[in-house]
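Colleague: Have a look at this one.
Every number here is computed from the coordinates shown, using simple stated rules; none is lab data. Only a predicted model underlies this, so the values are computations on that prediction, with no experimental measurement involved. Note that each Cβ is placed from the backbone with ideal geometry, even for glycine, and that neighbours are counted across all protein chains shown.
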Amino acid sequence: MNWQIPRLEPGDDFPPASQALPALSPFPGLLAVGGQLDADTLERAYRQGIFPWFSPGEPLLWWSTDPRMVLRPEQLHVTRSLKKSARRFGRSADWHLRIDTAFPRVMQQCGAQRADTGTWITPDMLQAYTTLHARGLAHSFELWEGDALRAGLYGVCIGRMFYGESMFTEVSDGSKTLLMALCGFCLRQRIDLIDCQQQTDYLAQMGAAPIARDAFLHHVAQATRQSAVPGWQYDDSTFLTDCARWL
């Protein structure tokens, strides 16, 4: 079968996400190739349930997978060992949890930790997401040991929809603790769904599950029309309050 993949020029509209290649195709979920990678295009993509995913040397690829991996914040799975680590990070004077104090560094570290397999966080991507961050649409959750950034997670938030992008950690349970922080934050801010994009064993172990793309797109359409999250102020006491149900 000859699978047709639309090729975009800068400024072109995306095809409907429902037209992404099906499960039996060579590239399930691939929607389009090309276009441009800037903040405006990214915002349009996320509002339509579309995300970029490509490696250096590849063309710009846009995806809308079916099923879509999502995490409902209240369904986060917290093991006994994670609970112990999170308590230590939240209560120790040596560790601190923050939001949005080092967004570009978090992105860069996410790319650096994947350098052995080829990072997909290109300079253009870093610039585009940093611009979204300046607009208040992209955010980072951070774990600090003193002045050292030890773990990070970043994503995009439009209305009451959070799209997780990537995470890194240099310490045991660092990124899992930040995922807990994100889930607690989302519950407080009435964000019902975290987009995890693709299915992985790691995400499944944390409580994420696949849903049909149609259901995902319906939720995105509703959530992105809601008012923006009013504030992203955060400190250790906020973490302990938000995540008390798991601690």
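Colleague: Only bridges with both residues in the chain count here: give the DSSP antiparallel percent, nearest 5.
Modeller: 90
Colleague: [x] 41; [y] 61; [z] 45: which one is percent of Cα pairs over 24 Å apart as calculated from this entry?
Modeller: Label of the calculated value: [z].
Colleague: For every helix of n ≥ 4 consecutive DSSP H residues, a contribution of -39,500 (n - 2.57) applies; sum these over the chain, divide by its total residues, and give [θ] at 222 nm rounded to the nearest 500 deg cm²/dmol. Mind showing how you got there, number by number?
Modeller: On the way: 8 runs with 81 residues, N = 247.
Using -39500 (n - 2.57) per qualifying helix, the result is -9500 deg cm²/dmol.
Colleague: Still on this structure, I have one more. Using the Cα centre as the reference, give the magnitude of the dipole from point charges on the C-beta atoms of region 69-242 (Lys, Arg: +1; Asp, Glu: -1; all else neutral), rounded to the nearest 20 debye. All intermediate terms of the calculation are to be shown ahead of the outcome.
Modeller: Details: 18 positive and 18 negative charges, 91 e Å.
That gives a dipole near 440 debye.
Colleague: Just to be sure I understand: of the beta bridges DSSP finds with both ends in region 119-211, what percent are antiparallel, rounded to 5? Don't jump to the answer; show the numbers that get you there.
Modeller: On the way: 16 of 18 bridges.
Of the beta bridges lying entirely in region 119-211, close to 90 percent run antiparallel.
Colleague: Within the chain, which complete DSSP H helices have Cα atoms spanning at least 20 Å along the helix axis and a mean Kyte-Doolittle hydropathy of 0.0 or higher?
Modeller: 174-188
Colleague: Out of the GluC sites (Glu not before Pro) in region 105-191, which ones are loop residues according to DSSP with at most 15 other C-beta atoms within 10 Å?
Modeller: Working: sites: GLU142, GLU145, GLU165, GLU170; in loops: GLU170.
Those that pass, being in a loop and sparsely packed, are GLU170.
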